[in-house]
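The values are calculated or read from the model by the stated rules, or taken from the named source; none is laboratory data. Quantities reported herein were computed from a predicted structural model and do not represent experimental measurements. Note: ideal-geometry Cβ built from the backbone for every residue, glycine included; neighbour counts use all protein chains shown. Please note that ligands, DNA and RNA were not included when accessible areas were found on the heavy atoms of the full protein model with its side chains. Shrake-Rupley method; radii C 1.70, N 1.55, O 1.52, S 1.80 Å.
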Number of protein chains: 2
Amino acid sequence: MADGKGRYAQIVQKLKTHGHHLTPQRLAIIKAIVESDRHPSVEEIHARLRKTFPTMSLATVYRNVMLLKSLGEVLALGFPDGSNRYDGRHPFPHPHVVCVRCKKIVDPELQSGRELARAVGDATGFRILSHRLDFFGICRDCEAAGKKGCGAGQAAK
Amino acid sequence: MADGKGRYAQIVQKLKTHGHHLTPQRLAIIKAIVESDRHPSVEEIHARLRKTFPTMSLATVYRNVMLLKSLGEVLALGFPDGSNRYDGRHPFPHPHVVCVRCKKIVDPELQSGRELARAVGDATGFRILSHRLDFFGICRDCEAAGKKGCGAGQAAK
DNA sequence: GACAAAGATGATAATTGTTACTAATCGATA
DNA sequence: TATCGATTAGTAACAATTATCATCTTTGTC
């Protein structure tokens, strides 16, 4: 999936028009987010960038992820267990499927979100601004791996 | 809504069959949870019970909420901002509508959850165990109150 | 290319919600 | 009522996130 490139340029452009500086760290963080299809955590982004930026501070990752979020270019997925994962490819509300064992997060193809949101708005009188729809389960890989851990394990906390 | 009474008895019964003691604090916490239709936070439960149990520890509330959750009698709603709310009336996965201004949480009447879960399972190969569906918006009260705070404000964090 | 102003970084302290720990107390059964 | 194990209150420990601040970098201009 190579649409990471388009997203990268798109985000950089938005930063420019909003008058933000383009530091190497910032650009690397953006690249890490859009290149990953794993919905990475801040820790994962940080760990990955330490290879090229040994002095990269965790605070910098947090700051930039928050900035991107505030610009609407990243979707933050906070989970009840305190873990946070980020989606830089589809920065708008959409469903997720989470493997409770290996923490893999998949974006299922579903169109029903919008319709559902409108139905909920009608039923409750709320003006719906956003939504979150998470399904938790066991992915095929983990199912196949039996009781043991899944090969593609990517723990988030 | 008086089904709180039934839930109370139900939960007490389950605690008994699982060999847990029925302390006054524990019973009061259960009552507070099932009597509230506000999806209270731990802090709210604690604050409310301080009136009758001035020495009630915050840790006790956490412990008991976790116990009820582990018994499947309470549904924990963790939000990305770190706040946690608890539903003792419908302790199973279901949709929620959250007012982002006053933090009110409403349970809309929707049946589509189960069907949707099956569709997602089919589409992704996951064995779906649970789900969360949260809509975020502005409730009618807050909308009417304009830019100012909502009268029924019940901040969670 | 050098300059000034605004913004960004790195390191660490502070904060916050939650969990772990301990000694003392309480509940349920015989 | 005696006994044992569960539970409590209080507090320390924890972990994830945010705030702070001195230093350094980027940007736009000359």
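Kindly indicate whether any position in segment B:23-38 is closer than 30 Å to A:S130 by Cα and touching a residue at least 60 places away in the same chain (Cβ under 8 Å). Within segment B:23-38, one or more residues are closer than 30 Å to A:S130 by Cα and touching a residue at least 60 places away in the same chain (Cβ under 8 Å). Residues of segment A:73-90 include none that is open to solvent by 40 Å² or more (accessible area, probe 1.4 Å), more than 10 Å from DNA strand D (Cβ to nearest atom), away from every other protein chain (no Cβ under 14 Å) and more than 11 Å from the chain's Cα centre (by Cα). The sole residue among B:H18, B:H46 that is within 13 Å of DNA strand D (Cβ to nearest atom), outside the structural domain of B:S130 (by TED's automatic domain parsing), open to solvent by 20 Å² or more (accessible area, probe 1.4 Å) and closer than 24 Å to B:V98 by Cβ is B:H46. Among the residues of segment A:100-134, write down those that are facing chain B (nearest Cβ under 9 Å) and open to solvent by 50 Å² or more (accessible area, probe 1.4 Å). Correct list: A:V100, A:E109, A:A123, A:R127, A:L129.
Residues in segment A:18-38 that are away from DNA strand C (no atom under 13 Å from the Cβ) and assigned to a loop (DSSP other than H, G, I, E, B) were compared, and the one that is nearest to A:L49 (Cα to Cα) is A:S36. The single residue among A:S41, A:S57 that is within 11 Å of DNA strand D (Cβ to nearest atom) and surrounded by fewer than 20 Cβ atoms within 10 Å (Cβ to Cβ) turns out to be A:S57.
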